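The values are calculated or read from the model by the stated rules, or taken from the named source; none is laboratory data. Source: prediction; values computed, not measured. When we count neighbours, we look across all protein chains shown, and the Cβ atoms used for this are built from the backbone with ideal geometry, even at glycine.
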Amino acid sequence: MDYARTEFLAKDNPETAYKFDGKDYPLKGSPLADTISAKRINERTGESVWKKDGKVILTTRTVISADGKTLNLTRTGKDAQGRTVDDVMVYENSSSNME
């Protein structure tokens, strides 16, 4: 996937469309950031950077396991209230029809 689009129905949630090319793209409706950039590190790893007024606010690294069943998200930076964010989220697909 070379193009991503995030769109949410709630009026205070961000909306954007961007490519995985490392360039900054506008982020509308976010109190946290006004741009986002994304790049592919390798076939299973990507990184996105959220910025406000040109300053990095939040970095997210996304890694998909070799078997495609686990997604790890690591976030570091600040939230909209200025509190430190340093967390890891793990999502597992338990679907029996995974290849």
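Within region 66-99, track down each residue that is surrounded by 14 or more Cβ atoms within 10 Å (Cβ to Cβ) and among the charged types (D, E, K, R). Those that are surrounded by 14 or more Cβ atoms within 10 Å (Cβ to Cβ) and among the charged types (D, E, K, R): R75, K78. Of all residues in region 50-95, those satisfying the criterion of being assigned to a loop (DSSP other than H, G, I, E, B) and under 22 Å from D34 (Cβ atoms) are D53, G54, D79, A80, Q81, G82, R83. Quick check: is even one residue across region 86-95 under 18 Å from D24 (Cβ atoms) and polar (S, T, N, Q)? No, because not a single residue in region 86-95 is under 18 Å from D24 (Cβ atoms) and polar (S, T, N, Q).
Looking at region 28-44, which of its residues are among the aliphatic types (A, V, I, L, M), out of contact with any Gly (no Cβ under 7 Å at 6 or more places or on another chain) and in a strand (DSSP E or B)? Across region 28-44, the qualifying residues are I36, I41. Taking interchain pairs and intrachain pairs at least six residues apart, which have beta carbon atoms under 8 angstrom, with the first residue in region 6-27 and part of a loop (DSSP other than H, G, I, E, B) and at pLDDT 95 or above and the second loosely packed, with under 12 Cβ neighbours inside 10 Å and not β-branched (V, I, T)? Sorted first by the residue in region 6-27, then by its partner, the list stays empty.
Okay, residues lined up against (1) surrounded by fewer than 17 Cβ atoms within 10 Å (Cβ to Cβ); (2) under 18 Å from V88 (Cβ atoms):
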| position | (1), (2) |
| --- | --- |
| T16 | no, no |
| G22 | yes, no |
| L27 | no, no |
| S30 | no, no |
| G46 | no, yes |
| W50 | no, yes |
| G54 | yes, no |
| T59 | yes, yes |
| I64 | yes, yes |
